[in-house]
Amino acid sequence: MLCARRLGSLAAGLAALRPGRAARGSLGAGIQARRVSTSWSPVGAAFNVKPQGRRLDLFSERRGLFGVPELSAPEGFYIAQEEALRKTELLVERACSTPPGPQTVLIFDELSDALCRVADLADFVKIAHPEPAFREAAEETCRSIGTMVEKLNTNVELYQSLQKLLSDKKLVDSLDVETRRVAELFMFDFEISGIHLDEEKRKRAVDLNKKKKDLKNKHIKRTKFPNKIEKHLLPDHIHHNFVRDGKLLKINAPHAEAPNDLAFCEAIETVMQFLEKLSDKLCERTIKDFEMMRQMKMKLNPQNSELMPWDPPYYSGVIRAE
């Protein structure tokens, strides 16, 4: 559960496992806990607070985004990020020095919460805030905390502190069902993050995951920019479907609602090129994955071993678990 791809659901997941305990870092849980007028959502109200200037003043009465004083200016994300990382370092030290027991799981819980309460908020703001400065600050915070998460997922000493607990049958039997399940989920994320690899490969795994997230963010940004082509490349009678920019036409949507087939075809040409290129690159890897799933189904269900369209989610999950 320290895994970056799960940061958005972590706090809520832990709250579900422990009824009655609020997920401190969960934005959704915070919104549900308050009774608000249906005329305006808490998120809408937060974004419609008029700016009070760019000066960062943590001690004034101004409320920042979602009531967090630091977030009255973009620079506040740096403060929130540094505080989360500082607390993370202290909790890692505690986790590694505490004798194995229920307290180990509680420390891991607090560790994940310290990261998620900042990462979840930043992940939302980087997409939804109308001001570029806030979006950029939030994106940098997501990147920094995501990098920390990847490092923690391949931290051998941290992993061993949890392993000592789960490898001791007497200790495991003493845990309540919810605590044991949370511990197992933490261990699962360690394992799928490559904790079993040697030091050089673990570092390589961290670097690759960081690169993957950076590429994903760049891709998302690029998809927001329109594609520009010269007017003369398209027939005059479909020009009105696109925004004019001097001698260029901007194609900024698939134009699926366009009554003219040619306009629709021109608008998704780049998309098709991307999908075809992606398909070519993934073909070999996909064939291997499907073969692994076929083998797993043959092993678990020899009477009906043909892989069906609905099988991949289940059998890919089984393979990951192994």
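The values are calculated or read from the model by the stated rules, or taken from the named source; none is laboratory data. Model, not experiment: these values are computed from the prediction. Counting neighbours? That spans all protein chains shown, and the Cβs are built from the backbone with ideal geometry, glycine included. What goes into the accessible areas is simple: the full protein's heavy atoms, side chains included, and nothing from ligands, DNA or RNA. Shrake-Rupley method; radii C 1.70, N 1.55, O 1.52, S 1.80 Å.
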* Cα-based Rg of the stretch 66-196 normalised by 2.2 N^0.38 Å, two decimals -> 1.19
* To do: Pop the C-beta distance of R63 and L106 into the FRET formula with R0 = 30 Å and round what comes out to the nearest 0.05.
  => 0.45
* Asked: With r defined as the distance between the Cβ atoms of N227 and F290 and R0 fixed at 30 Å, what FRET efficiency is calculated, to the nearest 0.05?
  -> 0.35
* Structure fact -> Probe 1.4 Å, heavy atoms of protein chains only: per residue, the accessible area of the stretch 269-321 in Å² is 82 Å²
* State, as an integer percentage, the relative contact order of the stretch 66-196 based on alpha-carbon contacts under 8 Å between residues 6 or more apart. => 27 percent
* **Nearest-10 value in Å² for the accessible area of D280, using the 1.4 Å probe** => 120 Å²
* If the label point is 7 Å along Cα→Cβ of K164, which residues in the stretch 98-125 have backbone nitrogen under 11 Å from it? -> 98-101, 104
* To do: Quick one: pull the percent of accessible area on the stretch 269-321 belonging to carbon and sulfur, 1.4 Å probe, ligands and nucleic acids left out.
  => 60 percent
* Structure fact -> For the stretch 66-196, the accessible surface attributable to carbon and sulfur atoms (probe 1.4 angstrom, ligands and nucleic acids excluded) amounts in percent to 53 percent
* To do: Would you work out if the stretch 269-321 is rounded, prolate or oblate? Take a ≥ b ≥ c from the square roots of the eigenvalues of the alpha-carbon gyration tensor; rounded if a/c is under 1.5, else prolate when a/b is larger than b/c, oblate otherwise.
  => prolate
* To do: For I268 paired with E306, estimate the spin-label separation in nm (one decimal), with each label point 7 Å from Cα along the Cα-to-Cβ line.
  => 3.0 nm
